[in-house]
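> I am attaching a structure below and will ask some questions about it afterwards.
Throughout, read-outs are computed from the coordinates displayed, never taken from laboratory work. In this text, all values refer to a predicted model and were calculated from it rather than measured experimentally. No Cβ is skipped: glycine too gets one built from the backbone with ideal geometry, and neighbour counts run over all protein chains shown.
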Amino acid sequence: MDFKKLANQYRDELLDNVLPFWLEHSQDIEFGGYFTCLDRKGGVFDTDKFIWLQGREVWMFSMLYNKVEKRQEWLDCAIQGGEFLKKYGHDGNYNWYFSLDRQGNPLVEPYNIFSYTFATMAFGQFMGHRTKRFFQWSGKMSKRF
């Protein structure tokens, strides 16, 4: 088995197909955050926004920007999702909701460690961007823990 060939195949699939799909279909341009319940063609079949999935997508695009390539579209995608998560994802005391409706209204109150975990991972990776606005905000958040 040629691992170098396999690695290149996986990288090409990720960069040429998977990421363009999510960039095109998952961003909620109207309300912010991401649609995560998509069919194979990119159609949205549920607009609820689960915090752990919002956090994963912020983390993913932040990580790609920080460690793979400085693509502005990746940073912009991470920022818009991070802004939604920062504004609507918690109750004001950084207790992270489980899910929100499309507009950011809570559907399920905080109860699940996954929401906290992925929000923390998202903003931790996002900090690699060094945007002053997020740095100041995350300092407030870290005092909570």
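> Set the Förster radius R0 to 35 Å, insert the Cβ-Cβ distance between M127 and M1 as r into 1/(1 + (r/R0)^6), and round the FRET efficiency to 0.05.
0.40
> Given the pairs K49/K70; K41/K70; K5/K86; K5/K41; K5/K49; K41/K86, which are separated by over 31 angstrom at their Cα positions?
Table pairs above 31 Å Cα-Cα are K5/K86; K5/K49.
> Just the Kirkwood number for segment 59-124, please: inverse of mean 1/r across all distinct Cα pairs, in Å, one decimal.
About 12.5 Å, per the Kirkwood formula over Cα pairs.
> Using a Förster radius of 30 Å, what is the FRET efficiency between L14 and C37 based on their Cβ-Cβ separation? Nearest 0.05, please.
Once rounded, the FRET efficiency stands at 0.90.
> Run through segment 59-100 and list the trypsin sites (Lys or Arg not before Pro) located in a DSSP loop whose Cβ has at most 16 other Cβ atoms within 10 Å.
Passing sites in segment 59-100 are K70, R71.
> Next up: Tell me which aspartates and glutamates have Cα within less than 15 Å of K4's Cα, excluding those fewer than 8 residues away on the same chain?
D12, E13
> Per the helix-only calculation at 222 nm, which mean residue ellipticity applies to the chain, given -39500 (n - 2.57) for every DSSP H run of n ≥ 4 and division by its residues, nearest 500 deg cm²/dmol?
So the calculated ellipticity at 222 nm is -17500 deg cm²/dmol.
> Exposure proxy check: L53, L14 ranked by fewest other beta carbons within 10 Å?
L14, L53
> What do you get when you divide the Cα radius of gyration of the chain by 2.2 N^0.38 Å, with N the number of residues?
1.08
> With labels modelled as points extended 7 Å from the Cα through the Cβ direction, what inter-label distance (nm, one decimal) is found for E83 paired with D101?
Taking the simple label geometry, E83 and D101 are separated by 2.2 nm.
> Dipole size in debye (nearest 20) for the chain around its Cα centre, Lys and Arg Cβ +1, Asp and Glu Cβ -1?
Dipole about the Cα centre, nearest 20: 780 debye.
> Something else about it: Could you work out which residue, out of Q103, Q80, Q72, moves most in a Gaussian network model of the chain, that is, has the largest mean-square fluctuation with Cα springs under 10 Å?
Q72
> Let me ask you something else. Choose one answer from E109, E30, E83: the residue with the largest mean-square fluctuation in a GNM of the chain with alpha-carbon springs under 10 Å.
Fluctuation is largest for E30.
> Next up: Compute a Gaussian network model of the chain, connecting alpha carbons closer than 10 Å, and tell me which residue from R40, R102, R56 fluctuates the most.
Result for the chain, Cα springs under 10 Å: R40 fluctuates most.
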